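Below is one structure, written out as structure tokens; the observations come after it.
The values are calculated or read from the model by the stated rules, or taken from the named source; none is laboratory data. Since the structure is predicted, the reported quantities are computational estimates derived from the model, not experimental observations. Every residue, glycine among them, receives a Cβ derived from its backbone with ideal geometry; neighbour counts consider all protein chains shown.
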Amino acid sequence: MLSARVLRRVARQSASGLAAGLPSTVTIENLLTENRRYPAPAEFAANANVDSSWWARAERDPVAFWADQARRLDWAEPWQTDHTWHPARPANSGELSIPRVEWFAGGKLNVAVNCVDRHVASGKGEKVAFHFEGERGDRRTLTYAELQREVSRAANALTKLGIVEGDRVVVYLPVIPETVIITLAIARLGAIHSLVFGGFSAEALRFRVEDTGAKLLVTSDGQFRRGKAVAVKEAADVAVAGVGSIEHVLVVQRTGSDIPWTEGRDVWWHDVVDAAPDTHEPQVFDAETPLFIIYTSGTTGKPKGLVHTSGGYLTHASWSHWAVFDAKDSDVYWCTADLAWVTAHSYVLYGPLSNGITSVIYEGTPNEPHPARHFEIIERYGVTTYYTAPTLIRTFMTWFPGGLPTEYDLSTIRLLGSVGESINPAAWVWFHENIGGGRAPIVDTWWQSETGAAVMAPLPGVSTLKPGSALGALPGLRTLVVDDDGNEVAHGSGGYLVIDGTWPGMARTVWGNPERFRDSYWARFADRGYFFSGDGAKYDADGDIWLLGRVDDVINVSGHRLSTIEIESALVAHPLVGEAGVVGVSDATTGEAIAAFVIPTVAPGDADDVDAWLALRDELAPLLRAHITHDIGPVAKPRDIFIVPDLPKTRSGKIMRRLLGDVVDGRALGDTTSLQDETVPERIQRIVRASR
């Protein structure tokens, strides 16, 4: 499989690092140290939107700081109160009260007007809002003036369908211009949108339709994915069958496929939207008016419908996009997230549009029809800011182990961004050197559906970057790493990541279940007033923060609480590893053991040849165990190493580690409809079974 020369080279590279001893046991052990540093380029710093003084300004009075940022928006009526906070506290019964927060209450605005109309009114109507690239190669460009007309048509059509302030509309569409248009139209009316990924199952969609009590579902006849027209309307019909709240299903014609039709309920987009008037007089709404409901993945239980409101959320999304991505009027910005994910809500829709930026949206998968499709798109539109997931970066590393193809010009890139899972240092450096040309800073952002927008990230013209670290909280925010009792841990130690206090973009509640909101996020550290993120993290010696993954993913090996992210990072640093997923599995001796699933950079020609994958494991596993032992310590050495062709990833790019653990421990896999590729778990199962 691998030549003796390659094995000798790998052995030399594996032995060249510094051995790291394990510290005494703390909440989560600190295993790795990263010493590379990347100061802000002088030219970038000289022209950056934000300098280092912003932290001091915000620290003096965080509420006043956020009020200043809110004034970047257009308000029809000023707010009366900057901020009100009623934390979870024990009531007379001894139970915790429901936390309640408000930002800019009494102030009135229209979110869609702030994202579209005000730019047209200021003379920027001919500026491009979106370049759309379809998977098949079809393209469409929308200026801000054209977007205003399209959103107005959609708002008039929604009104004709009976949608009013407070109604819920579920949107089940691919990444196409109509998704942007209908989302903004819903916001324009003061209704509440809930976007659902177009690849989710009928059951997942039905849950969201029922839970929101949606009046309208917006969907398509089909979508293009991996070069094929995939049916969508059939799943939509199953999802709404018998749901009493649904009055209409609005259908976009995308593929031209024959679809089932329910007269009186189903309506075509081209019949009701395209035919509607292209002017619309917007209303204004209180800052605390709900804007959208976004659901957590539900991989560990019933999905939570997080409610985000208007004025505070838009303030946070707009300012953080301007500051973190150093937004310039000349930028062509591309966030690769699907429009249904919170990443796209904040950093495709509301953040960039509120700042009047030109963006790119792409319908398809990164390797359709070839693995360099993203680079082709970057060159075509002159993309300056490219914001994507670590999973895709690591995938690029396996697709292009010898470096990127030289025929694509990526010289327009001036800033890179990472979102989703923690980015491994090796992937960070590859991203910087290959896609960023060694010159573009990387803003490694940490945030969640619950936070609404970025909470931790470098400021690109200020921060000295550390590969793999989001560094610390943005101005106006405060994050801490604490132990079980809520005490801040020492530098060099790990624990739980919390946010101290409130911020404008935070979710206000769980739809229909405020007790779950309290219990999930505020109860654990109620006496401190901390929001519990559910993530593990560590401080380095400088006090900067490194994410260690979900607390649920921490592995307890003989009393040592180890982060999956750090073990994965060590594996990815090995020259023969492209990507890795690490999970805890049952072990009769240690309680839990480490199982590592590795995608190699040198793979068998036939992805379904189980024997070839087992033979490659026999060659690589000893090298990788020695590598982990040397770089971290023997306690982190995987019991099981499986060499696999792919990992189960959600549509947002996160590794679904739960499924990996289920495969090893022999449990039923359950719902896999949220995966990019539903065939991956079964392929991994065959390799695991054959290895025993």
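Structure above, values below:
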quantity: Matching residues, region 553-572, being of a type in the set (S, T, N, Q) and under 23 Å from the mean Cα position of the chain (by Cα); calculated: Ser563, Thr564, Ser569
quantity: Number of the condition not met by Phe104 [criteria: (1) touching a Ser or Thr at 6+ places or on another chain (Cβ under 6 Å); (2) closer than 30 Å to Glu515 by Cα; (3) in contact (Cβ under 8 Å) with a residue 60 or more places away in the chain]; calculated: (1)
quantity: In region 67-77, the residues that are buried (at least 17 other Cβ atoms within 10 Å of the Cβ), of a type outside the set (Gly, Ala, Ser) and in contact with a strand residue (DSSP E or B) (Cβ under 8 Å, 6 or more places away or on another chain); calculated: Leu73, Trp75
quantity: Tally of residues being surrounded by 14 or more Cβ atoms within 10 Å (Cβ to Cβ) and closer than 20 Å to Val307 by Cβ across region 82-99; calculated: 7
quantity: Members of region 123-137 found to be free of Cβ contacts under 8 Å to residues at least 40 places away in the same chain and out of contact with any strand residue (DSSP E or B) (no Cβ under 8 Å at 6 or more places or on another chain), listed by number; calculated: Gly123, Gly137
quantity: Total residues in region 390-411, condition touching a residue at least 40 places away in the same chain (Cβ under 8 Å) and more than 24 Å from the chain's Cα centre (by Cα); calculated: 1
quantity: Only one of Arg651, Arg639 that is surrounded by fewer than 22 Cβ atoms within 10 Å (Cβ to Cβ) and at pLDDT 90 or above; calculated: Arg639
quantity: Residue in region 502-512 that is touching a Lys or Arg at 6+ places or on another chain (Cβ under 6 Å), β-branched (Val, Ile, Thr) and modelled with pLDDT of 95 or more present; calculated: yes
quantity: Filter result for the condition that a residue is out of contact with any Phe, Trp or Tyr (no Cβ under 9 Å at 6 or more places or on another chain) and of a type outside the set (Asp, Glu), over Gly495, Gly549; calculated: Gly549
quantity: Residue list for region 154-182, restricted to those being over 22 Å from the mean Cα position of the chain (by Cα) and more than 21 Å from Gly264 (Cα to Cα); calculated: Glu165, Gly166
quantity: Filter pass, Thr255 being touching a residue at least 24 places away in the same chain (Cβ under 8 Å) and surrounded by fewer than 23 Cβ atoms within 10 Å (Cβ to Cβ); calculated: yes
quantity: Which numbered condition Trp613 fails, given (1) surrounded by fewer than 16 Cβ atoms within 10 Å (Cβ to Cβ); (2) farther than 16 Å from Leu571 by Cβ; (3) more than 29 Å from the chain's Cα centre (by Cα); calculated: (1)
quantity: Residues located in region 315-353, provided they are polar (S, T, N, Q), under 21 Å from Arg380 (Cα atoms) and under 11 Å from the mean Cα position of the chain (by Cα); calculated: Thr336
quantity: Region 422-456 - residue that is of a type in the set (D, E, K, R) and surrounded by fewer than 23 Cβ atoms within 10 Å (Cβ to Cβ) and, of those, farthest from Gly468 (Cα to Cα); calculated: Arg439
quantity: Scope region 44-66; condition surrounded by 12 or more Cβ atoms within 10 Å (Cβ to Cβ) and not in a loop (DSSP other than H, G, I, E, B); matching residues; calculated: Phe44, Ala45, Trp54, Trp55, Arg57, Ala58, Glu59, Pro62, Val63, Ala64, Phe65, Trp66
quantity: Output for region 550-568, where each listed residue is in contact with a Ser or Thr (Cβ under 8 Å, 6 or more places away or on another chain) and not basic (Lys, Arg); calculated: Asp552, Asp553, Val554, Ile555, Val557, Ser558, Gly559, His560, Ile565
quantity: From Thr385, Thr391, Thr406, residue being more than 23 Å from Glu178 (Cα to Cα), surrounded by fewer than 24 Cβ atoms within 10 Å (Cβ to Cβ) and in contact with a strand residue (DSSP E or B) (Cβ under 7 Å, 6 or more places away or on another chain); calculated: Thr391
quantity: Residue list for region 294-353, filter: of a type in the set (Ser, Thr, Tyr) and surrounded by 24 or more Cβ atoms within 10 Å (Cβ to Cβ); calculated: Tyr295, Thr309, Ser310, Tyr313, Thr315, Ser318, Ser320, Tyr333, Thr343, Ser346, Tyr347, Tyr350
quantity: Condition broken by Arg373, with the remaining ones in (1) within 30 Å of Val116 (Cβ to Cβ); (2) in contact (Cβ under 8 Å) with a residue 12 or more places away in the chain satisfied; calculated: (2)
quantity: Filter pass, Val230 being in contact with a helix residue (DSSP H, G or I) (Cβ under 7 Å, 6 or more places away or on another chain), surrounded by 14 or more Cβ atoms within 10 Å (Cβ to Cβ) and in a strand (DSSP E or B); calculated: no
quantity: Complete set of residues in region 262-273 that are in a loop (DSSP other than H, G, I, E, B) and surrounded by 15 or more Cβ atoms within 10 Å (Cβ to Cβ); calculated: Val273
quantity: Options Leu392, Leu349: the member that is touching a Ser or Thr at 6+ places or on another chain (Cβ under 8 Å), at pLDDT 95 or above and of a type outside the set (Ser, Thr, Tyr); calculated: Leu349
quantity: Subset of region 590-608 [more than 17 Å from Met397 (Cα to Cα) and either among the aliphatic types (A, V, I, L, M) or at pLDDT 90 or above (or both)]; calculated: Ala593, Ile594, Ala595, Ala596, Ala607
